[in-house]
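Following: one structure in structure tokens, then a few remarks.
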Amino acid sequence: MKEIIILGSTGSIGRQTLDIVRNYPDLFNVVGMSCNSNIELFNRQIAEFKPEYVFVNDKDSRLKCELCGAVMLESSESLASINKGQIVVTAMVGISGLLPTIAAINSGKDIALANKETLVAGGEIVIKLAKEKGVNIYPVDSEHSAIWQSSNYGKAKDIKGLILTASGGAFRGKSKKELENVKAIDALKHPTWNMGAKVTIDSATLMNKGLEIIEAKHLFNISAEKISVVIHKQSIIHSLVTYNDNSVIAELSYPDMRLPIQLALTYPSKIDTKLPELDLAEVAKLTFEKPDLNTFPCLGIAMECAKKGGYYPTIMNGANEIAVQAFLNDKIGFYDIPDIIEKAINKCETQKPVTLDGVFEIDNMARIIAMDLIK
Ligand code: MN
């Protein structure tokens, strides 16, 4: 029986993790769960999965939590550090995932990493700490799970490069002119993946793929120059690994996050996901295109930040979180997102050595600059 802690159980990844637990009650036991503010759903989840420890981030929602015998802790970090649980699913949004991930690593728990911003903002620190503590970080992001599987779970040698596939998001094929006046509601209609609001907007700007380049760089210890992106609108090939002999190994399946989530929980076993078997004749056609960096400047910005390293990804991530929230609230336009990020990068101090305190300081600075620009 594997004991699981889910940080962010009411979000898209959290709910799908609980689906897997529901499918395999003999394999998994949820010992801890947290949410931000969706207390109605959280109360139903507590009643069904009976965790021993919980945390609710929003204070008003916390008062409405029906504990069913669970203990309410004072922070995500304390939940990640409880004296139980072998693996922590980090499914919260944004940089809020960084401290609890560090807490989980410090307490010796493996990480099923669904919070990519943690590695984007503080990748150097998190990877180094995981190594020191002998903790495994298993990817949940579908692209990284595909690379993991296609590289013999990260053990393969002779890797020449990684190819991340991108669905292209809601605005694939559109021109700059067509996108000038789009609103959040248009971006939230994602063609192949059903995800949370933040990642769906990131997907529409292609920033999501940029964040994933940085995530892959840290997870697989490879330079950003060796990571490329191809638009693959069917979302059947989840990513590919190119070897030194120019052979390429990929992982294919219908797009469903329950597959990579489950593998992170059952590794090295690949057990039934109860998802349909891939029917290639039915899929019929897999297509590939170059990403359009002119129409989607966020991807180019992220590629540059990935290459530069240091605090560049931290600034980019902080400014992006603020800009995406403002776009979701209809306060700024689609192309204000890359503008704000670029301006924040140009204004922030970036030369200092990377420390955990520095990550929060620089992240905060980037957010303040971004908020000033939005006003
Ligand atoms: Mn992804």
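The values are calculated or read from the model by the stated rules, or taken from the named source; none is laboratory data. Please read all numbers here as calculations on a predicted model, not as lab measurements. As a convention, Cβ positions derive from the backbone with ideal geometry for all residues, glycine included, and neighbour counts pool all protein chains shown. Surface accessibility is based on the protein's heavy atoms, side chains included, excluding ligands, DNA and RNA. Shrake-Rupley method; radii C 1.70, N 1.55, O 1.52, S 1.80 Å.
General observations
- Partners of LYS84 within straight-line reach, counting lysines whose Cα lies under 19 Å from its Cα and excluding those fewer than 8 residues away in the same chain: LYS2, LYS50, LYS109, LYS133.
- Those aspartates and glutamates that a straight Cα-Cα span of less than 12 Å connects to LYS352, excepting residues fewer than 8 apart in one chain: GLU361
- Sulfur and carbon atoms: percent of accessible area, the chain [1.4 Å]: 49
- Taking a straight Cα-Cα cut-off under 18 Å and skipping sequence neighbours fewer than 8 places away in the same chain, the aspartates and glutamates within cross-link reach of LYS285 are GLU251, GLU277.
- Over the C-alpha trace of segment 250-298, radius of gyration and Dmax come out as 15.4, 42 angstrom.
- Our compactness index for segment 259-375, the C-alpha radius of gyration over the empirical 2.2 N^0.38 Å, is 1.45.
- Using a cutoff of 8 angstrom between alpha carbon atoms and counting only pairs six or more residues apart, the relative contact order for the chain works out to 15 percent.
- The accessible-area ordering, largest first, of the residues PHE171, PHE49 stands as PHE49, PHE171, per a 1.4 angstrom probe.
- Note on the chain: antiparallel DSSP beta bridges, both residues inside, total approximately 25 percent of the bridges counted.
- Count Lys and Arg as plus one, Asp and Glu as minus one, and take only other residues whose Cβ is under 11 Å from that of PRO260; the net charge is then -3.
- Among the listed pairs LYS290/LYS347; LYS131/LYS160; LYS177/LYS233, those with a Cα-Cα distance over 29 Å are LYS290/LYS347.
- Percentage of interatomic Cα-Cα distances in segment 105-158 larger than 16 Å: 46
- Percent breakdown of C-alpha pair distances by 10 Å bin, ordered from the shortest bin, for the chain: 5, 24, 34, 27, 9, 0
- The trypsin sites (Lys or Arg not before Pro) of segment 141-243 that DSSP puts in a loop, and whose beta carbon has at most 11 other beta carbons within 10 Å, are LYS155, LYS157, LYS189.
- Over 26 Å between alpha carbons, listed pairs LYS189/LYS331; LYS226/LYS274; LYS189/LYS307: LYS226/LYS274; LYS189/LYS307
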